[in-house]
Amino acid sequence: MSIAQRFVAGEGEAHPEDSAALTAFRCDSTNLPWIIFRAAFRAAHIEQIPPRARAVLSALARTVDAAKPFGAIFARRELLTGRALQSMRTFYRSLDDLEVAGLIERRPQARYADAGLFGRAYLHLTEHAAALLGLTEHSPAHKSEAVRTTAPASAQPSLSVPSANVADGGIYKDLNPSPFQKRQPGQLPADLQRLRTLGFFDFLIFKLMREARERGKRLSDVVEATWDHLKLAKAPISYLRALLRNPVDFALLVRRRNAEYHAEQARAQQLVDAQAVARQHAGCTFIDANDARQFVIGASGDSLTIFSVTERIGRQAAGWMPSFATALASGKLRPATALDLERFAHAQRQALGKTQARAILPTHTKPPVTRAVREHIAGLRQLLKERGACA
């Protein structure tokens, strides 16, 4: 028989209340930049000042502006005491320790003479403290030397007792970056910068680029395809987001439009080149590879007359410049020499002579009616009469 208890206090599974308490734990999610994190770490590891002073200095290092380490620290006493985990009395004693050690400077309270009100009294880091915390590029010669806690007898804190008249209004500016801090946007694409004229900000444009990418589109294609309608919309932001939800393939529309534009540009350039070729060969005569047609360009280079071997009169051509330049470049036409002109004229005369000969040939004459033919026709008529009488 076992006399040991089966369950002993503190053993076995955890109580539901304990697991609920564990899940209720929370921590600070502030994401500090490296220079501020390093400054807070160094402030918390200075062994020559009291722990309470180290906690306050670490809180000041978290709050100071890294770009202006000697500027005023915009923070309320409640914020600093909360970060240092100290009461208000302990906080002021810590400030006295830091001022005696030469790490902070408490300047006198400002006064607004016009309004007759007192301003706020801000804290400032000294040059030695900024160099010790790594907030400045140039550190003192003995940077690794610890700060001495002993001070001259004449060094006394400027505010030995907290003043009840010091104004400490609500200052909500917190210089510590949060994990949700917006980053500075990069360079906006050139084809999307025109959206600024419609009231779009850079952050919104980058957000719309991400939304378009998630829907399998490019914001540049959507804007390019619908820009004429987008710039006339009363609510361009809502209109553009509706376009992003539309299943239309805007990239295909842009490609077709670009293809048509490039084709039109190519045709215009081809016409310009053809006009230059025509002016260059103004007054010249060309003949095709088969010696069947002759091309004569006018003296000004703006007209073309085509002569054929089978026709005596030439014909005027319209829109001939591109096709003429293409045929000349491909070798289908060549400049006519004197021998070519003579051969063409001879071939033309022969073709026209044959045509005229066929025109003057005698027509087919009827054969003469003989006696036998007349007798045959008379017999046929007699046969038809007899059949008609019988019917």
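Tabulated results
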item	result
Å³ per residue enclosed by the Cα convex hull of region 218-376	292
Calculated from backbone phi, Karplus (6.51, -1.76, 1.60) coupling profile of region 244-255 in Hz, x at Gly/Pro	5, 7, 6, x, 5, 7, 5, 5, 5, 4, 5, 5
Anisotropy class of region 63-105 from Cα gyration tensor, a/c 1.5 cut	oblate
From phi via Karplus (6.51, -1.76, 1.60), per-residue ³J(HN,Hα) for region 213-223 in Hz, x at Gly/Pro	5, 5, 9, x, 10, 10, 4, 4, 5, 5, 5
Quotient of Cα Rg and 2.2 N^0.38 Å for region 280-359, N being how many residues it contains	1.15
Three-way shape call for region 226-270 based on the alpha-carbon gyration tensor, with the a/c threshold at 1.5	oblate
Magnitude of the charge dipole, region 280-359, Cβ model with Lys/Arg +1 and Asp/Glu -1, debye to 20	300
Efficiency of FRET from Cβ geometry, F70 and H45, R₀ 22 Å, rounded to 0.05	0.45
Debye-sum result for region 190-248 in log10 I(q)/I(0), which assumes one identical scatterer on each alpha carbon, at q = 0.19, 0.20, 0.29 Å⁻¹	-0.60, -0.67, -1.55
Share of pairwise Cα separations in region 43-92, more than 14 Å, in percent	50
Gain upon complete extension [S330, R38; 0.36 nm per residue less C-alpha separation]	97.5 nm
Amide H within-cut-off set for T126, under 5 Å, with H built and near neighbours excluded	I104, E105
Computed FRET value (nearest 0.05) for V248 with A268, which takes r as the C-beta separation and R₀ as 30 Å	0.50
Modelled label reach - D191, point 7 Å along Cα→Cβ, region 210-240 residues with backbone N closer than 11 Å	218-226
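No lab work stands behind these numbers, since they all come straight from the coordinates. Bear in mind the structure is a predicted one, so any value in this text is a computation, not a measurement. Reconstructed Cβ throughout: ideal geometry from the backbone, glycine too, with neighbour counts over all protein chains shown.
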